[in-house]
Amino acid sequence: MKLRQPIIYSILWLFLLFPVFLNAQESTVRGFIYEEETGEPAIFSNVYLKGTTYGASTDNNGYFLISRIPPGNYQLMVTYLGYDTIQLSVQLAPDEVFNQNFLLKKSSVNLETVTVNAERIEARTETKTSVVKITPKEIRQIPSVGGQADFAQYLQVVPGVIFTGDQGGQFYVRGGSPIQNKVILDGMTVYNPFHSIGLFSVFETDLIRSADVYTGGYNADQGGRISSIMDITYKDGNKKQFSGAVGASTFGAKALIEGPISKQKSPESGSASFILSFKNSYLEQSSKALYSYIDEDGLPFNFSDFYGKISINAGNGSKVSFFGFSFNDNVNNYKAISSFGWNSYGGGANFVVIPGKSPVLIEGIFAYSQYESSISSAALNNKRSLINGFNGGLDFTYFLGKNSLKYGISVEGYRTEYEYNLITGGKKNNLTENTTQLGLYAKYKATFGKFIIEPGFRLQWYASLSEISPEPRLAIKYNVTDKFRLKFAGGMYSQNFIAATSDRDVVNLFYGFLSGPENLPQTFDGDDVTSKLQKSDHLILGTEIEIGKYLNLNIEGYYKYFPQLTNINRFKLFNETNAPPGTPDVQKKDFIIEKGNAYGVDLSMQYDYKKFYVWFVYSLGFVDRQYENVQGEMVSYTPHFDRRHNMNFILSYITGSKKQWEFSVRWNFGTGFPFTQVQGYYEHLTFPDGVNNDYVIENGQLGLIYGELFNGRLPTYHRLDIDMKRNFYLGANTKLVFDLSIINLYNRENIFYVDLVTSEIVYQLPFMPSIGLSLYF
C-alpha cells in the first residue's frame with residue numbers, strides 16, 4: 001500500500017499537467033451554439049468550414065471546437081434541424097483561438113433531411129459501438145401511459161435490454177443484472193432510478209436534454225460497473241422566458257416550471273436560470289375505481305419525485321449548476337404479503353470551464369446522495385438496506401484536429417448497511433461497510449484514413465479492499481464506404497457493489513446495496529479466491545449499413561464473460577462462529593461466488609422520414625451461470641432473466657394540417673423466462689425448542705422439494721400497446737395535449753410468476769386504458 005499511493009499520485013499529476021506540454025501550432029475556432037427561443041444548447045448541431053474537411057458537432061453543452069486549421073479566410077457554417085443555417089466569414093491568423101457563440105432561429109421551412117445527415121455524419125466520425133442516443137423526441141414516439149412518456153418505457157425497446165415485469169420487474173442488459181448497471185444524472189450516481197410499477201422512472205422526460213445508453217464495450221471514461229452505463233443529462237432551464245407544463249392522467253400528475261433568473265440577452269452575455277419539477281402517482285387510489293377488474297384491492301404502487309436546479313452561465317460558455325432531488329417509492333401490502341418502500345435524496349454541483357486560449361474543455365462534478373430501502377413481509381424475512389456517500393470527478397478534453405484526448409479522475413466514497421434474518425431464524429444480521437474508490441483514466445481518439453481508433457485505459461483503486469484493477473479498453477471503426485461500416489469494442493471492467501438480493505429471485509421489490517464483502521469462500525472452482533471484486537470482459541463486433549436515404553441497419557454480436565460474480569448465499573445455514581467443524585464454506589459464508597457468460601446478437605432497423613417513424617429491434621440472447629455446491633462440484637444453471645428471443649416493433653405517425661394528430665403502436669414479443677419447478681411437498685419441522693421439541697405434536701410448515709434450478713420455461717410473452725395524441729395549439733408557446741393510450745390491447749394473459757405454495761398465477765398488466773391531459777406553456 002505504501003508503494004501504491006506515490007505511484008497513483010504521480011500518475012495523477014502527469015494527467016493534470018499534460019495540457020502544459022501540448023501547444024497548438026495552427027488556428028482554432030470554438031464556441032457555443034444556443035437555441036434563440038430558450039437559450040438551451042443546440043446539441044448535435046454541425047459546424048464546419050465550407051469547402052474543407054474541417055468540422056465538428058456540438059456536445060451536450062452546445063460546445064464545438066475545430067482545431068489545427070491552416071491560417072486563412074473561411075466561411076463558417078452552422079446547420080441544425082429545423083433552424084436557419086448560419087454563415088459567417090472568418091479570417092484566422094496563425095496560432096489564433098477564434099471564439100464565437102451563435103443563436104439559432106427556428107426555420108419556417110421543415111428540413112427533415114438535416115437530421116438524417118447529422119446522425120450519419122456522427123456515425124462516420126465516432127466509434128459509437130453499443131450505444132443508443134435518446135432524446136425526448138424519441139421517448140415520445142412510443143406509446144406512453146396516460147400521456148406520461150417516460151425513460152423507463154423507452155428503455156424496454158433498446159436492443160439488448162430485457163425487462164422482467166410490470167410489477168416489481170427489473171432491467172437486465174446483455175446478461176448483466178440491475179446492480180451491474182450504472183445510472184448517472186448530470187454526473188451524479190442515481191442508485192435506483194426505476195419505480196416499483198415498472199412503467200416509470202425518476203426522470204422527468206421534459207427535462208431530459210439527452211440520454212446515452214451503453215449496453216457494453218464502453219470506454220475508459222466510464223467505470224465502476226461491469227455491464228452497462230446509462231448517462232442522462234438534464235436541461236439548464238429556459239434563459240429567455242418562463243415556461244412549463246402541468247398534466248394529470250389516470251396514473252398520476254406532474255408539474256414543472258423553468259425560467260430565467262437573469263436573462264440571456266445575447267450569445268456572449270451571461271445568464272442564470274432555474275428548473276423545478278414534481279411528479280407523483282395516485283394509482284393506489286385511482287385503480288380501486290378504474291381498474292378494480294385487475295385487483296379489487298387496487299394496485300398499491302405510489303411514488304413522488306422532486307427535482308430542482310439552478311444554472312449560472314458566463315458569457316464565454318463556462319457555467320456552474322447546483323441541483324437537488326428527493327425521490328420516493330412506496331408499495332403497500334403487495335399481494336397481501338409484503339410492504340416495501342424506498343426513499344432517496346441528495347444534491348450537488350457540476351461545472352464547465354473554457355480556459356482562455358487553450359483548446360481544452362474542463363468539466364467537473366461533486367455530489368452527495370442517500371438511498372434507503374426496506375421490506376416487511378409475513379412470508380419473507382424483513383430486510384433493510386442503506387447507502388450514502390459522495391461521488392466527484394474532473395475531466396479534461398483536449399481537441400487535436402480530428403483527434404481528441406480525454407482524461408480525468410473520479411472518486412467515490414460511501415457507506416452501506418444491510419440488515420436481514422437467517423432462514424433458520426434468530427437475531428438480525430447486520431453488515432456495515434465503508435469504502436472509497438479512485439479511478440484514473442485516459443482515452444485517445446485517432447483518425448487514420450478510413451479507420452477511427454479509440455484506445456483507453458482505466459486504473460481503478462478500491463481502497464477498502466486494498467486492490468487495484470487495471471482495465472484496458474479499445475474501440476475501432478472502419479468506414480468501408482460512406483454507407484457501410486464495421487466496428488469493434490472491448491474492455492475489462494470491475495465493480496465493488498453487489499446486490500442485497502439474490503439474482504435467483506424472480507420478483508425483487510426490495511432493491512438494496514452492499515460493498516466490499518469479505519465474507520467470501522476461500523476457494524472457487526479449484527482455485528484460491530484472490531480478489532473480492534466482481535469482474536467482466538466485453539467483446540463486441542458489429543456493422544452499420546445505410547439503406548437508402550432514410551433507412552439505417554445496425555447489427556452487433558456481443559460476448560460478456562463474468563469470471564467472478566458475488567451473490568447472496570441462499571445455502572447458508574450457520575454463522576461462522578457456531579458452525580460445526582468441517583462445515584463447507586457454502587453453508588456458512590454470507591456470499592457465494594459464481595461465474596457466467598452472456599452472448600448474442602442485436603439487430604436494429606430504423607426508418608425516419610417526415611411523418612413516419614419505424615423502429616424494429618430483434619435480440620437473440622444466451623445467459624448461463626455456474627456456482628459450486630456443497631460437494632465442491634460446479635453446477636450450471638440458466639438465470640431467470642434469460643430470454644432467448646426478444647422483438648419490438650414501433651410505428652409512429654403524425655398527421656393533420658398543423659401536425660396536431662399523433663399515433664403510435666408498439667408490439668413486443670418474447671420467449672418465456674426460466675423458472676424452477678416443484679417436484680413435491682413435505683412437512684417442514686423447524687424445531688423451535690431445539691432438542692426439547694416434541695416433533696410428534698409440532699405443527700410443521702409446508703416445505704417444497706424443488707426440481708433443477710430454473711429448468712422450466714414460462715409461456716411466450718407478447719403485448720400490443722397503442723397511443724393517440726391530439727394537440728390543441730392555444731398560442732405561439734401554449735398547447736393542450738389530450739392523450740388516450742391502451743396497454744395490452746388484445747388482453748394477452750402474460751404470466752409474471754407462479755406462487756409455488758398457493759399455485760396462484762400472477763399475471764402482468766391486462767387490457768388497461770388510460771387518459772391524460774397536459775398543458776404546455
(message) Let me spell it out: the conditions are (1) buried (at least 22 other Cβ atoms within 10 Å of the Cβ); (2) more than 11 Å from the chain's Cα centre (by Cα), and Thr135 meets all of them except one. Which number is the exception?
(response) (1)
(request) Output the number of residues of the stretch 161-170 satisfying the condition of being open to solvent by 10 Å² or more (accessible area, probe 1.4 Å) and at pLDDT 90 or above. (result) 2
(request) Scan the stretch 427-485 for residues that are aliphatic (A, V, I, L, M) and within 20 Å of Arg225 (Cβ to Cβ) and jot them down. (result) Leu438, Leu440, Ala442, Leu459, Ala463, Leu465, Ile468, Leu474, Ala475
(request) Please enumerate the residues belonging to the stretch 715-738 that are under 27 Å from the mean Cα position of the chain (by Cα) and assigned to a strand (DSSP E or B). (result) Tyr717, His718, Arg719, Leu720, Asp721, Ile722, Asp723
(request) Look at the stretch 340-362 and say how many of its residues are surrounded by 16 or more Cβ atoms within 10 Å (Cβ to Cβ), in contact (Cβ under 8 Å) with a residue 40 or more places away in the chain and touching an Asp or Glu at 6+ places or on another chain (Cβ under 9 Å). (result) 7
(request) Scan the stretch 692-714 for residues that are under 41 Å from the mean Cα position of the chain (by Cα), part of a loop (DSSP other than H, G, I, E, B) and not small (Gly, Ala, Ser) and jot them down. (result) Glu708, Leu709, Phe710, Asn711, Leu714
(request) Looking only at the stretch 391-402, count how many residues are assigned to a strand (DSSP E or B), open to solvent by 30 Å² or more (accessible area, probe 1.4 Å) and modelled with pLDDT under 95. (result) 1
(message) I need the full set of residues from the stretch 67-85 which are within 11 Å of Val47 (Cβ to Cβ), buried (at least 18 other Cβ atoms within 10 Å of the Cβ) and at pLDDT 90 or above, in order please.
(response) Leu76, Val78
(message) Would you confirm, using the coordinates I've provided, whether Val630 is of a type outside the set (Phe, Trp, Tyr) and open to solvent by less than 60 Å² (accessible area, probe 1.4 Å)?
(response) no
(message) Every residue in the stretch 722-739 that is open to solvent by less than 70 Å² (accessible area, probe 1.4 Å) and not charged (D, E, K, R), please.
(response) Ile722, Met724, Asn727, Gly731, Thr734, Leu736, Val737
(request) May I ask you to verify whether Phe669 is closer than 30 Å to Asp585 by Cβ and outside any helix (DSSP H, G or I)? (result) no
(request) Select from the stretch 633-642 the residues that are part of a strand (DSSP E or B) and hydrophobic (A, V, I, L, M, F, W, C) and write down the one among them that is most open to solvent (accessible area, probe 1.4 Å). (result) Met634
(request) Among residues belonging to the stretch 205-234 that are assigned to a helix (DSSP H, G or I) and in contact with a helix residue (DSSP H, G or I) (Cβ under 7 Å, 6 or more places away or on another chain), point out the one that is surrounded by the fewest Cβ atoms within 10 Å (Cβ to Cβ). (result) Thr205
(request) Please verify whether the stretch 282-289 includes one or more residues that are hydrophobic (A, V, I, L, M, F, W, C) and either more than 21 Å from Phe325 (Cα to Cα) or in contact with a helix residue (DSSP H, G or I) (Cβ under 7 Å, 6 or more places away or on another chain) (or both). (result) yes
(request) Test Ile261 against the stated conditions and say whether it is farther than 28 Å from Phe738 by Cβ and of a type in the set (Val, Ile, Thr). (result) yes
(request) Answer yes if at least one residue in the stretch 318-335 is over 27 Å from the mean Cα position of the chain (by Cα), farther than 20 Å from Arg209 by Cα and not in a strand (DSSP E or B), and no otherwise. (result) yes
(request) Residue by residue through the stretch 276-303, note down the ones that are of a type in the set (A, V, I, L, M, F, W, C), part of a loop (DSSP other than H, G, I, E, B) and open to solvent by 20 Å² or more (accessible area, probe 1.4 Å). (result) Ile294
(message) On the basis of being open to solvent by less than 50 Å² (accessible area, probe 1.4 Å) and not acidic (Asp, Glu), does Asn711 make the cut?
(response) no
(request) Would you be able to say whether some residue in the stretch 743-758 is within 21 Å of Val665 (Cβ to Cβ), open to solvent by less than 50 Å² (accessible area, probe 1.4 Å), in contact (Cβ under 8 Å) with a residue 60 or more places away in the chain and out of contact with any Phe, Trp or Tyr (no Cβ under 6 Å at 6 or more places or on another chain)? (result) yes
(request) Please give the number of the condition Glu576 fails out of (1) part of a loop (DSSP other than H, G, I, E, B); (2) charged (D, E, K, R); (3) in contact with a Gly (Cβ under 8 Å, 6 or more places away or on another chain). (result) (3)
(request) Go through Ala253, Ala314, Ala245 for me and flag whichever is at pLDDT 90 or above, open to solvent by less than 50 Å² (accessible area, probe 1.4 Å) and more than 28 Å from the chain's Cα centre (by Cα). (result) Ala314
(message) Being touching a Pro at 6+ places or on another chain (Cβ under 7 Å), buried (at least 22 other Cβ atoms within 10 Å of the Cβ) and among the aliphatic types (A, V, I, L, M) is true for just one of Ile498, Ile540. Which residue is that?
(response) Ile498
(request) Please determine, by comparing only the residues of the stretch 86-107 that are not in a strand (DSSP E or B) and not small (Gly, Ala, Ser), which one is surrounded by the fewest Cβ atoms within 10 Å (Cβ to Cβ). (result) Pro94
(request) Can you work out which of the residues in the stretch 466-485 that are of a type in the set (Asp, Glu) and either more than 18 Å from Gly216 (Cβ to Cβ) or over 26 Å from the mean Cα position of the chain (by Cα) (or both) is surrounded by the fewest Cβ atoms within 10 Å (Cβ to Cβ)? (result) Asp482
(message) Conditions first: (1) farther than 27 Å from Lys532 by Cα; (2) open to solvent by less than 40 Å² (accessible area, probe 1.4 Å); (3) of a type in the set (Gly, Ala, Ser). Ala463 passes all but one, so which condition is the exception?
(response) (1)
(request) Could you grab me the full set of residues in the stretch 668-682 that are open to solvent by 80 Å² or more (accessible area, probe 1.4 Å) and in contact (Cβ under 8 Å) with a residue 24 or more places away in the chain? (result) Gln677, Gln679, Tyr681
(message) Residue pairs, Cβ under 7 Å, 6 or more apart or interchain, first in the stretch 510-539 and basic (Lys, Arg), second assigned to a loop (DSSP other than H, G, I, E, B) and open to solvent by less than 30 Å² (accessible area, probe 1.4 Å). List them.
(response) Lys532/Gly516; Lys532/Pro517; Lys532/Leu520; Lys535/Ile226
(message) Arg30 - would you say it is basic (Lys, Arg), modelled with pLDDT of 90 or more and in contact with a Ser or Thr (Cβ under 9 Å, 6 or more places away or on another chain)?
(response) yes
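The values are calculated or read from the model by the stated rules, or taken from the named source; none is laboratory data. Worth saying up front: this structure is predicted, and the values here are computed from it rather than measured. Every residue, glycine as well, gets a Cβ built from its backbone with ideal geometry; the counts of neighbours run over all protein chains shown. For the accessible areas, the whole protein counts, side chains as well, though only heavy atoms, and no ligand, DNA or RNA atoms are used. Shrake-Rupley method; radii C 1.70, N 1.55, O 1.52, S 1.80 Å.
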